[in-house]
1. Under 13 Å from the Cβ of G39, count the other residues' Cβ atoms, weight Lys and Arg +1, Asp and Glu -1, and hand me the total.
2. Give the residue list of trypsin sites (Lys or Arg not before Pro) in the chain that are DSSP loop and have at most 13 other beta-carbon atoms within 10 angstrom.
3. Quick one: net charge of D10's neighbours, Cβ under 10 Å, K/R +1, D/E -1?
4. Report the chymotrypsin sites (Phe, Trp or Tyr not before Pro) located in the chain that are in a DSSP loop and have at most 14 other Cβ atoms inside 10 Å of their Cβ, or state none.
5. Which one is right for this structure if mean projected area of the Cα convex hull in nm² is calculated from it: (i) 5.1; (ii) 5.3; (iii) 4.2?
6. With r defined as the distance between the Cβ atoms of S24 and T64 and R0 fixed at 25 Å, what FRET efficiency is calculated, to the nearest 0.05?
7. Compute the signed sum of charges (Lys and Arg +1, Asp and Glu -1) over the other residues within less than 11 Å, Cβ to Cβ, of A49.
Amino acid sequence: MKVIYDSEVDVLRILLNDVEIEESDEEKPGVILDYDRNGNIVALEILDASKRIEDPRSIEYAMTA
């Protein structure tokens, strides 16, 4: 998994898988889901991230058993 924030365009991108994107849909205004050819979500983009997320430059990661 890779998380990228581009402050120039204010987009937060979360890559779940490194495969070719076949299709993209704007699920909700400003939230884009990217799918592979089998319909699996491979990435999501949050547009205007600084307005939707408290601090898009800061990431907290947690794992539970």
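Here, each number is a calculation from the coordinates, and none is a lab measurement. Given the structure is predicted, the values throughout are model-derived calculations rather than measurements. Reconstructed Cβ throughout: ideal geometry from the backbone, glycine too, with neighbour counts over all protein chains shown.
1. -4
2. R37, R57
3. -1
4. Y61
5. Here the calculated entry is (ii).
6. The formula returns an efficiency of 0.25 here.
7. -2
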